[in-house]
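The values are calculated or read from the model by the stated rules, or taken from the named source; none is laboratory data. Keep in mind the model is a prediction, meaning the values are calculated, not measured. In this analysis, Cβ positions are derived from the backbone assuming ideal geometry, glycine residues included, and neighbour counts consider all displayed protein chains.
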Amino acid sequence: MSEARTLEAPSKHSTRRTLNVPLNRVEGDLEIRVELDSERVTDAWSAGTMYRGFEQILKGRAALDGLVITPRICGICSTAHLTAAARALDSMVGGQLPPDAIRVRNLALMTEMIQSDVRQTFLMFAVDFANPAYSGDGLFDEAVRRYRPFQGETVIEVIRQTKKALEIVAILGGQWPHSSYMVPGGVASTAGLNDLLQCRHLLDSYQSWYEQRILGCRVDRWRAVRSSNDLDTWLAESPDHRDSDLGFYIRFARQIGLEQLGCGYGNFISFGALDLPAGTEVCGLGDCTTQLIPAGFARGTQIDPFEQDLVAEHVACSWFEDYDGGRHPFDGETRPCAGSAEGQKYSWAKAPRYAGLPAETGPLAELIISRNPLFVDLVERNGPNAFVRQLARLVRPAELVPAMRHWLAEIEPDGTFYTPAPPISAGSGFGGTQAARGALGHWVQIADGQIERYQIITPTAWNGSPRDSAGVRGPWEQALLGTPVRDPANPVELGHVVRSFDPCLVCTVHTVKSVHSLVRKKL
């Protein structure tokens, strides 16, 4: 968050004002506008201010071009886009991928997740703990020591360690970001013994650092935390737990009241991810038998199966040419229409809905839908607040690393990683997966060997959507309601709420010139 800008000064007797807040540290360009009454948010609008146009770029290109172009949508989650693009084409050609090809695909995607989770927590979210707004709090000096931008002890360690971890993707896929080694039929690479040994060394090193620095305990000990009471016991059990970055996060977040911020709707969506290959010892989370991360839709903690036919996108408040209601992505259109900036439309993000409902996605959604007992308990007690949402992201690597170790051990060096697939001349395919930030879907239609339609729904489109055709707010618009803002010139509380969703606007939405003359205040 860089500046708070007052759009409407309150009258002499009014406590109402409108605040326009450009947020940085969100992977792209995001602007939040809120109405305040008595320094509490009464309404909110989320504006993605960047148009990318990848769906238009892909039209008319060869069927396989999406495997090269879509990973360039984002330099943070390019493996996830490649995965979704490959899965969409896999669904057209049919057949079974070699088990080790599935393992290689999974390992690359999981590596992207586990490094992104700690990067986002400590390079983007926890930076706000060092905000001068908390200078009077007892833990502030320690927060500055840990999380000051570019200088904090944890910040420096996170940069070093995550950079090393990403070498796993480079070894398996040739490069990161923007890899293009997944193809219909498997992967266009072969993992030899030396490759696998290098990956194991890198994963061992990352796990050791994550356990010592972030968790303060072994992964197995953390996974034994199954309730809110267990969490309190774990925190008090050892100085290593209390003084770890996880322990400090819990203590600081509770001190500043993050459990009371950012509740939202309580609807969750996961497309599922990480197929279980034949012969693996890895079991799915929860009761899932086909994927490590299950697919589903939850209202609170009540879970229904996921059906991609129930996904639709609305554009009533988005800078695209109108159509009635919501459309399924196979029928969707992406026709920019920025001339409506002064009217009802206010964002380049579309508004995805599931069965007509807004839904949040991300690590918390995954853990709820996989029925993780700790997070089910936390949400049933206090709702899906900013504290539990960020906690889910910080500890998700503890769920993924054990499976990564198994799959690395199971791969046969120089084995079979590709089964020839027929050319794709026509068809429709859906590729769904879980990116670091949540549910990611690619819908593609091919005719005469060329892409006729390509629609992408990103996690931030779910979380940061504008209002839909019925005027219903997007998830973090809703989550902002009721947020207290102690100092409108430094609205750090808004940053806590929005960043708990891990925004990535580069995936979702050219800069639009501001039409307001604004008072700027440094935050």
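Considering (1) outside any loop (DSSP other than H, G, I, E, B); (2) in contact with a helix residue (DSSP H, G or I) (Cβ under 8 Å, 6 or more places away or on another chain), the lone condition that residue 278 does not fulfil carries the number (1). For segment 342-380, the tally of residues that are in a loop (DSSP other than H, G, I, E, B), under 16 Å from the mean Cα position of the chain (by Cα) and farther than 24 Å from residue 32 by Cα stands at 0. Candidates are the residues of segment 187-221 that are in contact with a helix residue (DSSP H, G or I) (Cβ under 8 Å, 6 or more places away or on another chain) and closer than 16 Å to residue 68 by Cα; the one that is surrounded by the fewest Cβ atoms within 10 Å (Cβ to Cβ) is 189. When residue 150 is tested against the conditions (1) touching a helix residue (DSSP H, G or I) at 6+ places or on another chain (Cβ under 7 Å); (2) over 20 Å from residue 503 (Cα atoms); (3) modelled with pLDDT under 95, the lone failure is (1). Exactly one residue among 294, 305, 336 is crowded, with 22+ Cβ neighbours inside 10 Å and either of a type outside the set (D, E, K, R) or under 25 Å from residue 478 (Cβ atoms) (or both), and that residue is 294.
State whether the residues of segment 242-262 include one that is surrounded by fewer than 19 Cβ atoms within 10 Å (Cβ to Cβ) and touching a Gly at 6+ places or on another chain (Cβ under 6 Å). No, there is no match, as no residue in segment 242-262 is surrounded by fewer than 19 Cβ atoms within 10 Å (Cβ to Cβ) and touching a Gly at 6+ places or on another chain (Cβ under 6 Å).
Just so you know, in segment 55-67 the residues that are hydrophobic (A, V, I, L, M, F, W, C) and over 11 Å from residue 453 (Cα atoms) include one that is surrounded by the most Cβ atoms within 10 Å (Cβ to Cβ), and it is 67.
Scanning segment 471-500 for residues that are within 27 Å of residue 80 (Cβ to Cβ), assigned to a loop (DSSP other than H, G, I, E, B) and in contact with a helix residue (DSSP H, G or I) (Cβ under 8 Å, 6 or more places away or on another chain) yields 474, 500.
Condition check ((1) modelled with pLDDT of 95 or more; (2) assigned to a loop (DSSP other than H, G, I, E, B); (3) closer than 28 Å to residue 275 by Cα; (4) not hydroxyl-bearing (Ser, Thr, Tyr)) across all residues:
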| residue | (1), (2), (3), (4) |
| --- | --- |
| 433 | yes, no, yes, no |
| 439 | yes, no, yes, yes |
| 469 | yes, yes, no, no |
| 503 | no, yes, yes, yes |
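Residues in segment 90-135 that are in contact with a His (Cβ under 9 Å, 6 or more places away or on another chain) and either hydrophobic (A, V, I, L, M, F, W, C) or modelled with pLDDT under 95 (or both): 125 alone.
Taking the numbered list (1) more than 27 Å from residue 48 (Cβ to Cβ); (2) in contact with a Cys (Cβ under 7 Å, 6 or more places away or on another chain) in turn, residue 303 passes all entries but (2).
One residue stands out in segment 94-107 among those that are out of contact with any strand residue (DSSP E or B) (no Cβ under 8 Å at 6 or more places or on another chain) and not charged (D, E, K, R): the one that is nearest to residue 177 (Cα to Cα), namely 107.
Each row is one residue, and each column tells you yes or no for (1) closer than 30 Å to residue 66 by Cα; (2) not aliphatic (A, V, I, L, M).
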{"position": "129", "(1), (2)": "no, yes"}
{"position": "138", "(1), (2)": "no, yes"}
{"position": "149", "(1), (2)": "no, yes"}
{"position": "153", "(1), (2)": "no, yes"}
{"position": "163", "(1), (2)": "yes, yes"}
{"position": "166", "(1), (2)": "yes, no"}
{"position": "181", "(1), (2)": "yes, yes"}
{"position": "185", "(1), (2)": "yes, yes"}
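For segment 331-376, give me each residue that is more than 23 Å from residue 287 (Cα to Cα) and of a type in the set (Phe, Trp, Tyr). Within segment 331-376, 346, 348 meet the criteria. Could you check residue 41 against (1) outside any helix (DSSP H, G or I); (2) buried (at least 23 other Cβ atoms within 10 Å of the Cβ); (3) modelled with pLDDT under 90 and say which number it fails? The one condition residue 41 does not meet is (3). Does segment 168-182 contain any residue that is surrounded by fewer than 21 Cβ atoms within 10 Å (Cβ to Cβ) and assigned to a helix (DSSP H, G or I)? Checked segment 168-182: at least one residue is surrounded by fewer than 21 Cβ atoms within 10 Å (Cβ to Cβ) and assigned to a helix (DSSP H, G or I). From the set of residues in segment 68-93 that are of a type in the set (Gly, Ala, Ser) and crowded, with 20+ Cβ neighbours inside 10 Å, which is nearest to residue 177 (Cα to Cα)? So, considering only residues that are of a type in the set (Gly, Ala, Ser) and crowded, with 20+ Cβ neighbours inside 10 Å, the one nearest to residue 177 (Cα to Cα) is 78.
The set of residues in segment 89-127 that are under 30 Å from residue 64 (Cα atoms), of a type in the set (A, V, I, L, M), over 15 Å from the mean Cα position of the chain (by Cα) and in a helix (DSSP H, G or I) comprises 89, 92, 93, 101, 102, 104, 107, 108. Taking segment 431-454 as the search range and keeping residues that are in contact with an Asp or Glu (Cβ under 7 Å, 6 or more places away or on another chain) and surrounded by 24 or more Cβ atoms within 10 Å (Cβ to Cβ), which one is nearest to residue 63 (Cα to Cα)? Checking each candidate, the answer is 454. The set of residues in segment 394-426 being closer than 21 Å to residue 191 by Cα and aliphatic (A, V, I, L, M) consists of 400, 401, 403, 404, 408, 409, 411, 421.
The residues on offer are 60, 53, and the sole one that is of a type outside the set (A, V, I, L, M, F, W, C), over 20 Å from residue 168 (Cβ atoms) and touching a strand residue (DSSP E or B) at 6+ places or on another chain (Cβ under 6 Å) is 60. Note on segment 455-465: among residues that are of a type outside the set (Ser, Thr, Tyr) and touching a Lys or Arg at 6+ places or on another chain (Cβ under 8 Å), the one that is surrounded by the most Cβ atoms within 10 Å (Cβ to Cβ) is 463.
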